[in-house]
Amino acid sequence: MDSPIRLGFDSYSLRAWKWKAPKLIDYAATQKLDSIQLSSIGDYESFEPPYLRDVREQAARAGISIDGGIGCICPTSKSWSNRYGTPSQYLELGLRVCKAVGAKSMRCFLGASADRLAPGGIDRHIEETIKVLKTVRQPALDSGVIIAVENHSGDMQARELRMLIETVGKDFVGACLDTGNPMWVVENPLVTLEVLAPYTVTTHIRDSVVFEHPRGAAAQWVALGQGCVDWQPFMKMYRERCPAAVMQLENITGRPPQVLPYLEAEFWKAFPHANAGEFARFVAMARSGRPLMGPMVVEDVTGQQVPEFEAALRAQQLHDLERGFEFARRVLGAGVRWRA
């Protein structure tokens, strides 16, 4: 049998618990995971060297590797915040934190779906992100941390992210491959993997249902193993093309289905460079798909939380993430430590 892919999870999976790095690492250890992605510098209680050293040593004692992360780095994106200074300063802070905790990659992202319809379209934001990344080439190389740009929630299709990486430089920029976000840019996750595998250094592995709708299709994120992603060919390709990248599960359940109205002309204003062959593979996925036919607490929506549902959301996040670990191990053959 092939050597197993290392298994971990992205800290955002347990967002309702509001745990910080030490508790998240403890949890990863109890689950006998190989890794964890601390995908936000908000996961740390301090940026001071002694604290970060303690986090690194705690993970090392548990036999867990750390992938790091920050958020939006594009100054023209609607997702951008200057809380940590300029985009370059934010990247340099993230690189310093990642180096201190022993991470070899740092996830970040351009923006979100709204950016595709802004003046200049996604091309303008890609150009700005390229400029920003070029300003931190030397600090990134000095840190030994690869900046892993994610195909984030509706911002870039895989070919667009590939172009960004190749333009900036593969010596310090790679991809954080997300398998759930391709839904929002009408892309089959197998297409995403085909295009981005050579650049992938870390991941967000997530399942989705997608199914036909009178306006085109609808999609919803579900627990790993409950969706429509064809995982067997996906894993075959993963093992062949990016086996060193940790399979970091990013479980995001609790959100309603979202309509993708690709039968309407207005929808395509966001995708002026769409590839017909790749879109056809998404349509085929939708035609063979189906909605989730099972229970889910649907309340993880910004600004609409009902306090009484918070306990149910926390329980659901743990339950769905842990059954994802089981599916990844038993069906996909991922995970190293649990076999010991």
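Somewhere in segment 300-319, is a residue at pLDDT below 95 and closer than 29 Å to M235 by Cβ? Within segment 300-319, one or more residues are at pLDDT below 95 and closer than 29 Å to M235 by Cβ.
For E128, the conditions (1) assigned to a helix (DSSP H, G or I); (2) surrounded by fewer than 17 Cβ atoms within 10 Å (Cβ to Cβ) all hold with the exception of (2).
Screening segment 154-218 for strands (runs of 3 or more DSSP E) wholly inside it with 1 or more residues that are in contact with a His (Cβ under 9 Å, 6 or more places away or on another chain) returns the ranges 173-178.
For segment 106-125, the set of residues classified as buried (at least 24 other Cβ atoms within 10 Å of the Cβ), outside any loop (DSSP other than H, G, I, E, B) and not aliphatic (A, V, I, L, M) consists of R107, C108, F109, D115, H125, listed by residue number.
The residues of segment 18-35 that are within 29 Å of P307 (Cα to Cα) and surrounded by 15 or more Cβ atoms within 10 Å (Cβ to Cβ), listed by number, are W19, K20, A21, P22, L24, I25, Y27, A28, Q31. Screening segment 6-26 for residues that are of a type in the set (K, R) and in a helix (DSSP H, G or I) and picking the one that is nearest to F47 (Cα to Cα) gives K23. Inspection of segment 8-15 finds no residue satisfying the criterion of being under 23 Å from H319 (Cα atoms), in contact with a Lys or Arg (Cβ under 6 Å, 6 or more places away or on another chain) and at pLDDT 95 or above.
Given the criteria under 15 Å from Q157 (Cα atoms) and more than 17 Å from the chain's Cα centre (by Cα), does R215 qualify? No: the conditions fail for R215. Residues that are surrounded by 14 or more Cβ atoms within 10 Å (Cβ to Cβ), in contact with an Asp or Glu (Cβ under 9 Å, 6 or more places away or on another chain), assigned to a loop (DSSP other than H, G, I, E, B) and not acidic (D, E) occur at least once in segment 288-299. Looking at Y84, Y90, just one residue is more than 19 Å from I146 (Cβ to Cβ) and at pLDDT 95 or above, and that residue is Y84. Taken across segment 7-25, residues that are over 24 Å from V149 (Cα atoms) and touching a Leu at 6+ places or on another chain (Cβ under 6 Å) do occur, with at least one present.
Looking at segment 144-190, which of the residues that are of a type in the set (V, I, T) and under 16 Å from the mean Cα position of the chain (by Cα) is farthest from R96 (Cα to Cα)? Filtering segment 144-190 for residues that are of a type in the set (V, I, T) and under 16 Å from the mean Cα position of the chain (by Cα), the one farthest from R96 (Cα to Cα) comes out as V185.
Does I165 satisfy being touching a Leu at 6+ places or on another chain (Cβ under 9 Å), closer than 28 Å to V229 by Cα and buried (at least 24 other Cβ atoms within 10 Å of the Cβ)? No.
Tell me yes or no: at least one residue of segment 209-218 is among the β-branched types (V, I, T) and under 27 Å from L38 (Cβ atoms). No, the conditions are met nowhere in segment 209-218.
The values are calculated or read from the model by the stated rules, or taken from the named source; none is laboratory data. All figures in this text were calculated on a predicted structure; none of them were measured in a lab. Positions of Cβ are backbone-derived with ideal geometry, glycine not excepted, and every protein chain shown enters the neighbour counts.
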